[in-house]
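A short worksheet on the structure shown next.
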Amino acid sequence: MPSTPVSRLLDADVARITYGADYNPEQWSPEVWADDVRLMREAKVNLVAINIFGWAQLEPLPGQYDFERLDAVIELLHENGIAVDLGTGTASPPPWLTAMHPEALPMQADGTRRAFGGRQGFCPSSPVYRERSLALVEQVARRYGSHPAVKLWHVSNEIGCHNAHCFCDISAEAFRGWLRARYSTLDALNAAWGTAFWSQRYADWSHIQTPALTLATGNPGQAIDLRRFSSDELLGQYLAERDLIRTHSDVPVTTNFMVTAHIQALDYWRWAPEMDLVANDHYLDHRLPHPTNELSFAADATRGLGRGEPYLLMEQASSAVNWQPRNIAKGPGEMLRNTLTHVARGADGISFFQWRASVQGSERFHSAMLPHAGTGTQLWRDVVELGGILERLGEVAGTRVVADVALVFGWEPWWITDLDSHPTADVRYLDQVHRAYDALRASGLTVDVVAPGAPLDDYRLVVIPALHSVSDEVAGVVERFVENGGHAVVTFFSGITDGDDRVRTGGYPGAFRELLGVSTDEFFPLHAGESVALDDGSTATVWTERLHPMGAEVVSRFIDGPLPGGPAVTRHRFGAGVAWYLAANLDEGSLARTLNRASAEAGVSLTGVQAGSELEIVRRRGPQGEYLFAINHGGADARHDASGTELLEMAEIDGVLEIPAGAVRIVRLTPADAAPSASSDGSAAPDSLKVTS
Ligand code: GLA
């Protein structure tokens with residue numbers, strides 16, 4: 001488990017929020033470096049990530065190492081009191097590696113190789129890449145392992161961002177080795193993959209390939225195992241680098257995750273326990289309907305990976321990125337709101353990609369802390385202002401987020417739910433997770449994101465969106481939770497298959513049938529754009545199913561659509577608890593109302609935030625006190641109950657906190673106010689806020 005508090009990275013005795021960026025001095029001359037450190041000090045930058053893409057400079061030809069410039073950069077930073085997050089430099093091999101070993105270039109599912117010239121251009125199973133990258137790590141770790149400037153190791157970079165899946169012969173051989181370890185016998189593999197279908201039964205290990213492109217749909221079991229294998233294969237590279245570093249250095253080791261909507265390659269629930277601290281990169285994705293909601297979700301999920309420990313936001317953008325179809329610049333105050341949303345939700349370190357905007361290379365139109373236009377800019381003033389704010393917020397560092405509800409999420413469920421040949425292409429896992437999350441957030445509820453099968457005892461409510469494949473073990477955890485008095489909300493397409501993605505027969509939703517007290521005999525997905533009405537005024541799209549109550553009470557029914565009169569939402573008393581089933585894709589408002597009702601019944605205290613107000617309320621709590629973060633994303637001024645000291649304006653607040661449109665306020669609550677507010681039905685629920693552990 002993550003073991004190094006981010007707040008103690010720079011100084012073991014004083015809790016601080018780290019502030020900085022990726023710094024790429026190899027793109028600049030030494031005269032510019034001097035200017036850089038001067039400006040870093042002005043902005044109160046205290047941690048920079050270097051040598052992320054340094055390999056070609058450090059080893060221009062095989063075995064010829066040149067550390068002169070890196071030595072100078074590290075010394076310069078150190079002299080200026082700026083700590084170093086040192087990259088191993090292995091993210092992108094230099095030209096010579098794949099020129100000399102073309103077999104190390106990655107192969108796509110269509111059998112074509114990708115050329116050198118981008119980044120991460122290597123096959124994750126390549127023995128040559130492994131050998132040469134570790135040779136570099138050995139040099140770097142030996143040279144700088146005990147340098148006082150180095151406070152963190154940064155293995156590779158966004159591992160698996162571009163090259164997670166490779167389909168070359170070397171990868172196929174490694175895949176077979178991984179399958180042998182997983183299944184031991186071909187019989188077990190054939191059973192798990194269901195190879196009795198379409199004459200796919202294997203009689204010899206050597207016949208198994210990676211699931212490259214086929215004419216008809218490929219085998220789903222094989223597809224999922226390729227994803228598991230790819231995640232494990234890259235984790236193997238991380239572990240090899242980490243273990244080598246540890247032979248030379250006591251400094252904590254991590255890598256930057258991509259808990260984000262646009263990348264799903266790695267199963268971070270398996271990765272996180274290997275990190276000394278959890279670090280994440282997050283960029284607003286303007287292709288999504290609610291980019292800032294997704295930021296909050298990603299922040300909660302990142303915190304979940306560290307089991308509630310504060311995390312390091314390793315990269316974000318000060319304004320626009322360069323890799324979306326339309327790269328939207330941040331509006332007034334948006335960078336501050338984004339940053340403090342991360343802090344509210346558990347970040348104790350804030351960094352950007354990158355320090356100084358590049359003038360060459362494919363990222364030259366990506367924003368940076370220091371823009372092309374220089375220091376006479378609003379962006380630079382915002383960056384300097386943020387440095388001061390984060391310094392003042394040092395007292396918050398080390399506290400933990402107070403959460404009310406558990407939301408089950410995982411990368412493996414994402415892969416499985418989104419497989420093709422399902423009843424409808426319109427059920428996308430992340431959409432369903434985001435919809436549930438957004439509905440909870442709109443009610444001011446803070447969510448802990450937990451893995452399928454994680455203990456739920458600390459919660460009163462668990463929400464389980466579209467968890468398609470559910471092992472007996474995972475189902476058992478949820479059943480026991482409800483039996484003992486917990487409340488659960490399960491949404492459609494959950495529980496349908498077992499841990500091998502084999503359909504559970506006898507009625508859907510298989511694994512949760514007893515718990516939910518319902519049985520479905522057929523799915524009735526809707527046409528694109530079709531909407532059905534429910535008898536409580538709700539509407540639903542995407543999904544309906546023919547549901548038979550088997551003990552559950554019917555909360556609402558379809559009025560029209562394929563199943564008029566049929567149940568849409570049910571509620572079942574099970575043991576001492578309650579289990580809800582949402583058999584339709586409810587409109588946003590109805591989903592929020594339903595989750596609100598389930599939360600209130602479960603005894604979760606609501607913050608009083610009105611849905612649609614765009615006010616985000618989160619609390620962090622620790623021995624030093626409790627802090628209320630109020631982030632106003634909306635265009636109208638807002639108010640919230642609070643008493644204490646506001647830390648951005650340094651104002652005393654007595655009862656009512658004013659949060660102007662677009663502003664953020666952070667209140668160190670007076671102890672009496674640190675107790676939870678009344679729940680929405682007016683009844684106090686004093687013990688329902690908790691510090692997650
Ligand atoms: C990722 C990478 C960085 C940079 C940014 C651009 O986060 O780690 O090197 O490419 O994306 O957004």
Exercise. Do we find that VAL259 is of a type outside the set (Ser, Thr, Tyr), closer than 23 Å to ASP431 by Cβ, at pLDDT 95 or above and within 16 Å of the ligand (Cβ to nearest atom) in this structure?
Worked result: yes
Exercise. List the pairs whose first member sits in region 42-58 and is touching a residue at least 40 places away in the same chain (Cβ under 8 Å), whose second member is of a type in the set (S, T, N, Q) and within 14 Å of the ligand (Cβ to nearest atom), and whose Cβ atoms are under 6 Å apart, counting only residues at least 6 apart or on separate chains?
Worked result: ILE52/ASN157; PHE53/SER92
Seminar exercise, completed: By my count, helices (runs of 4 or more DSSP H) wholly in region 1-85 with at least 3 residues that are open to solvent by 10 Å² or more (accessible area, probe 1.4 Å) and farther than 28 Å from MET335 by Cα are 68-79
Problem set entry | Candidate set from region 195-240 (those that are in a helix (DSSP H, G or I) and hydroxyl-bearing (Ser, Thr, Tyr)); member that is farthest from the chain's Cα centre (by Cα) | SER199
Seminar exercise, completed: Counting only residues that are more than 20 Å from the chain's Cα centre (by Cα) and open to solvent by 30 Å² or more (accessible area, probe 1.4 Å), region 243-263 contains a total of 6
Exercise. Across region 627-651, what is the number of residues that are of a type in the set (A, V, I, L, M) and farther than 18 Å from THR399 by Cβ?
Worked result: 4
Exercise. Name the pairs whose Cβ atoms lie under 6 Å apart, with the first residue in region 525-544 and closer than 10 Å to SER556 by Cβ, the second hydroxyl-bearing (Ser, Thr, Tyr) and buried (at least 21 other Cβ atoms within 10 Å of the Cβ), and 6 or more positions between them or separate chains?
Worked result: LEU534/SER556; ASP535/SER556; ASP536/SER556; SER538/SER590
Problem set entry | ARG114, sole failed condition from (1) within 16 Å of the ligand (Cβ to nearest atom); (2) open to solvent by 10 Å² or more (accessible area, probe 1.4 Å); (3) touching a strand residue (DSSP E or B) at 6+ places or on another chain (Cβ under 9 Å) | (1)
Exercise. Looking at this structure, is ARG119 more than 16 Å from the ligand (Cβ to nearest atom) and in contact (Cβ under 8 Å) with a residue 40 or more places away in the chain?
Worked result: no
Seminar exercise, completed: Of the candidates ALA357, ALA279, ALA320, the one satisfying the condition of being within 12 Å of the ligand (Cβ to nearest atom), touching a strand residue (DSSP E or B) at 6+ places or on another chain (Cβ under 6 Å) and at pLDDT 95 or above is ALA279
Exercise. Restricted to region 362-372, and to residues that are open to solvent by 10 Å² or more (accessible area, probe 1.4 Å) and near the ligand (Cβ under 10 Å from one of its atoms), which residue is farthest from ILE17 (Cα to Cα)?
Worked result: SER362
Exercise. Residues in region 454-467: is at least one outside any loop (DSSP other than H, G, I, E, B) and in contact with a His (Cβ under 8 Å, 6 or more places away or on another chain)?
Worked result: yes
For this session: Inspect all residues belonging to region 367-380 and state whether any of them is of a type in the set (Gly, Ala, Ser), in contact with a Ser or Thr (Cβ under 9 Å, 6 or more places away or on another chain) and over 28 Å from MET650 (Cβ atoms).
Result: yes
Exercise. Which one is farthest from the ligand (Cβ to nearest atom) among residues in region 149-182 that are surrounded by 22 or more Cβ atoms within 10 Å (Cβ to Cβ) and assigned to a helix (DSSP H, G or I)?
Worked result: LEU179
Exercise. Mind checking which residues of region 379-399 are assigned to a helix (DSSP H, G or I), open to solvent by 30 Å² or more (accessible area, probe 1.4 Å), out of contact with any Lys or Arg (no Cβ under 7 Å at 6 or more places or on another chain) and in contact (Cβ under 8 Å) with a residue 40 or more places away in the chain?
Worked result: LEU379, ASP382, VAL384, GLU385, ARG392, GLU395
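Yes/no per residue for (1) in contact (Cβ under 8 Å) with a residue 60 or more places away in the chain; (2) touching a helix residue (DSSP H, G or I) at 6+ places or on another chain (Cβ under 7 Å); (3) farther than 24 Å from LEU456 by Cβ; (4) surrounded by fewer than 23 Cβ atoms within 10 Å (Cβ to Cβ):
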residue: ARG557; (1), (2), (3), (4): no, no, yes, yes
residue: ARG573; (1), (2), (3), (4): no, no, no, yes
residue: LEU586; (1), (2), (3), (4): no, yes, no, no
residue: GLY603; (1), (2), (3), (4): yes, no, no, yes
Seminar exercise, completed: Flagged pairs (Cβ under 8 angstrom, 6 or more apart or on separate chains; first in region 333-357, free of Cβ contacts under 8 Å to residues at least 24 places away in the same chain; second open to solvent by less than 10 Å² (accessible area, probe 1.4 Å)) are ALA357/HIS366; ALA357/ALA368; ALA357/LEU370
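The values are calculated or read from the model by the stated rules, or taken from the named source; none is laboratory data. On a predicted model such as this, the values are computed, not experimentally measured, just so you know. Every residue, glycine among them, receives a Cβ derived from its backbone with ideal geometry; neighbour counts consider all protein chains shown. Each accessible area value is taken on the protein alone, full model and side chains, heavy atoms only, with ligands, DNA and RNA left out. Shrake-Rupley method; radii C 1.70, N 1.55, O 1.52, S 1.80 Å.
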